[in-house]
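Computed from the coordinates by the stated procedures, all read-outs in this text should not be read as laboratory data. What you see is a predicted model; the values in this text were computed from it and never measured. Backbone-built Cβ (ideal geometry, glycine too); neighbour counts: all protein chains shown.
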Amino acid sequence: MEGLDLKQMSAMVDIIAEEKGLPRETVLSVIEQAIAAAWRKDNGERDMNVRAVLNTNTGEADVYVAREVIEDDLAYNPATEVPLKEAGSGAKIGDIVEEKHLVTGFGRVAAQTAKQVVIQRLREAENDAVLAEFEDKVGTIVTGVIARVEPKIVRIDLGRASGIMPRSEQIDGEYYTVGSRIKVYVKNIEKSDRGAQLILSRGSAEFIECLFRQEVPEIESGTVEIKGIAREAGRRTKIAVTSNVPGVDPVGTFVGGRGVRVGAVMNEIGDKEKIDIITWSDNPSEYIREALSPAEINKVEIDGKKATVLVSEEMQSIAIGKQGQNVRLASKLTGYDIDIELVKATTKKKKKNVEDSLLSALEEAED
């Protein structure tokens with residue numbers, strides 16, 4: 001057949017299925033859709049309901065055109081409808097009848113249409129297969145190989161599938177080298193007209209949580225729990241933890257003996273990023289104090305979702321942090337809008353008291 005060899009296509013079904021990692025039935029369906037599209041191009045109309053059946057043993061194909069049976073003498077669309085008197089014996093109004101056509105050949109344009117349909121449908125089928133395979137991996141860490149580094153995204157090969165890591169999901173200051181193995185968090189699967197796209201991350205708070213889950217088995221057992229994470233990837237992370245078992249130190253559990261557990265996480269994300277592990281509290285004032293560590297807090301005043309934190313002058317810069325990072329992360333972690341203020345000075349009053357004491361002592365000595 002001109003431009004489209006059905007026998008060759010029949011022989012290729014199993015080969016394509018194995019190469020693409022797709023079920024044989026899926027590949028066969030794709031080829032049958034292509035045959036139907038090619039036949040419609042040569043012999044039918046655009047809105048015709050056409051299906052094809054390919055016999056992979058003989059390499060022959062039949063095409064079936066479906067039409068709805070309508071009442072005689074009504075205006076009708078020949079592409080989708082057929083009058084009752086032409087529908088054949090036993091047909092009733094409203095039935096769907098099929099007209100069989102033997103495929104004998106295709107023109108050059110129709111053959112090209114068939115090839116385009118095969119390419120497009122196979123790509124869609126592959127994307128659907130990736131979607132099905134990775135749906136249960138969303139929210140987990142997988143290992144891949146960096147395939148390409150572009151200005152805005154990093155493309156990562158995950159085996160049968162590939163994913164992208166946008167700039168917003170990268171660790172600030174981290175360098176990516178083609179061919180390097182890398183751990184990434186499967187954030188989600190974006191669906192579009194072009195198919196499914198895996199979105200990967202190393203810069204998310206969820207990536208940190210998954211890393212700790214790998215290092216701290218007590219999380220799985222429910223002994224300790226992560227209550228919240230605030231992160232600026234490549235700079236600093238604050239993680240609030242709690243214990244559900246009396247006597248268990250949650251912070252110590254996450255740090256590990258000689259810092260081995262938190263050290264393993266830092267080895268993965270890079271030592272430029274600092275990790276503060278704090279104790280979560282259901283008391284907002286205590287939680288905010290912990291979140292602002294290592295600063296020492298004098299007082300916390302809460303009004304709705306706003307917190308005014310009073311600190312001494314020497315603690316002000318520590319509480320705020322470099323470029324406001326400490327207070328910004330603490331605010332994100334606790335959910336409170338935190339305002340750092342200096343505690344009112346009482347040095348003059350203290351000085352006066354000292355002077356009064358000295359005068360009293362001198363007066364007593366004179367007496």
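Length, then width, then depth: along the principal axes, the Cα atoms of the stretch 52-131 run 48, 33, 26 Å. The phi torsions of the stretch 317-330, fed into the Karplus equation with coefficients 6.51, -1.76 and 1.60 and a -60° offset, translate into couplings of 5, 5, 5, 6, x, 4, 6, x, 5, 5, 5, 5, 5, 4 Hz, rounded to whole numbers, with Gly and Pro shown as x.
Listed here are the pairs Lys187/Lys299; Lys191/Lys238; Lys299/Lys332; Lys227/Lys299; Lys152/Lys187; Lys272/Lys299; which of them are more than 29 Å apart at the Cα? Violating the 29 Å limit, Cα to Cα: Lys187/Lys299; Lys191/Lys238; Lys272/Lys299.
Note on the chain: antiparallel DSSP beta bridges, both residues inside, total approximately 75 percent of the bridges counted. With a Förster radius of 45 Å applied to the beta-carbon distance between Val149 and Glu68, the computed FRET efficiency rounds to 0.20.
The stretch between Lys183 and Asp339 holds 52.4 nm of extra length on full extension. This uses 0.36 nm per residue minus the Cα-Cα distance. Applying 1/(1 + (r/R0)^6) with r as the Cβ-Cβ distance of Val248 and Gln325 and R0 = 30 angstrom yields a FRET efficiency of 0.50.
Based on the Cβ-Cβ distance of Asn77 and Lys137, what FRET efficiency does E = 1/(1 + (r/R0)^6) give at R0 = 51 Å, to the nearest 0.05?
On the way: r = 47 Å, r/R0 = 0.92.
Approximately 0.60, to the nearest 0.05.
Taking amide H atoms as placed 1.01 Å from N in the peptide plane, the amide H of Asp276 lies under 5 Å from those of Thr237, Lys238, Ile239, each 5 or more residues away in sequence or on another chain.
Counting 0.36 nm for each residue step from Glu190 to Met12 and taking away their Cα separation leaves a gain of 60.9 nm. Against the chain, whose longest principal axis is taken from its Cα atoms, helix 205-215 shows a tilt of about 80°.
Once both labels are positioned 7 Å from their Cα atoms along Cα-to-Cβ, the gap between Ile96 and Gln316 label points is 7.7 nm.
For the stretch 297-311, backbone phi angles converted through the Karplus equation (6.51, -1.76, 1.60; θ = phi - 60°) give residue-by-residue couplings of 9, 7, 7, 10, 10, 10, 9, x, 9, 10, 10, 9, 10, 9, 9 Hz, Gly and Pro being listed as x. Which part of the stretch 83-103 falls in the paramagnetic zone of Asn49, meaning amide N under 12 Å from the point 7 Å along Cα-to-beta-carbon? Inside the label zone: 94-99. Taking θ as phi - 60° and the Karplus parameters 6.51, -1.76 and 1.60, the scalar couplings of the stretch 232-237 work out to 10, 4, x, 10, 7, 10 Hz in sequence order, x denoting glycine and proline.
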